[in-house]
Amino acid sequence: MMDYNVIPIAIEIVLTHKEYGCAGAIDIVCEMDVEEEALSDEVFKSGPRKGMKKPIKVKNRRRCIVDIKSGRKGFYESSEIQLHCYKDMWEFNFPNMKIDRVFNWSPNEWRGATPTYKLKDQTDSK
């Protein structure tokens, strides 16, 4: 929550999609800071990209769905499908609150002084 400045909109919200005939409980719908690619005003001065703008990372505020997975072995194709179904369900029920990005989250290591985790952006998955 602190790493991405998460502000919850809904937690464990149960929704249905009348047209698809499915239902599910979405873990977290939130607004959060997401690092994205952008182009700076600075350009390359030499080389094959001379004159082209340099890529940079910027933080943008986005409306997201985060699905929590308890396993530490990674995410599966079914996790991606589930997230996109959740996005469709949310937008069917709240058409004026579109979802910008979808993520899977899972714990990585919780025994050390600083817990670690995986957060995988599944927005562009097929």
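The values are calculated or read from the model by the stated rules, or taken from the named source; none is laboratory data. Owing to the predicted nature of the structure, the values given are computational and were not obtained by experimental measurement. Backbone-built Cβ (ideal geometry, glycine too); neighbour counts: all protein chains shown. When the accessible area is computed, the model is the full protein with side chains, heavy atoms only, and any ligands, DNA or RNA have been set aside. Shrake-Rupley method; radii C 1.70, N 1.55, O 1.52, S 1.80 Å.
Highest GNM mean-square fluctuation, the chain, Cα pairs closer than 10 Å: which of R101, R63, R111?
R111
Run the accessible area of the chain with a 1.4 Å probe and give the carbon-and-sulfur part as a rounded percent.
Ligands and nucleic acids excluded, carbon and sulfur give 53 percent.
Measure nothing fancy, just the Cα-based angle from helix 77-93's long axis to the longest principal axis of the chain, in degrees from 0 to 90, nearest 10.
In the chain, helix 77-93 runs at an angle near 80 degrees to the longest axis.
Roughly speaking, what is the stretch gain from K50 to N96, that is 0.36 nm per residue apart minus the C-alpha to C-alpha distance, in nm to one decimal?
My answer for the length gained is 12.3 nm.
For the pairs K18/K120; K53/K126; K59/K87; K57/K126; K73/K120; K54/K126, note any where the Cα-Cα span goes beyond 19 Å.
K18/K120; K53/K126; K59/K87; K57/K126; K54/K126
At 7 Å along Cα-to-Cβ for each site, give me the label-to-label distance between A38 and M2 in nm.
2.6 nm
Do the sum for the chain: with -39,500 (n - 2.57) for every DSSP H run of n ≥ 4, divided by all residues, what is the mean residue ellipticity at 222 nm, to the nearest 500 deg cm²/dmol?
-4500 deg cm²/dmol
Over the chain, with a Gaussian network built from C-alpha contacts below 10 Å, which listed residue (K73, K87, K54) shows the highest mean-square fluctuation?
In this elastic network of the chain, the residue with the biggest mean-square fluctuation among K73, K87, K54 is K54.
Once the mean 1/r over all distinct Cα pairs of the chain is inverted, what Kirkwood radius in angstroms do you read off?
Evaluated on the chain, it is 16.5 Å.
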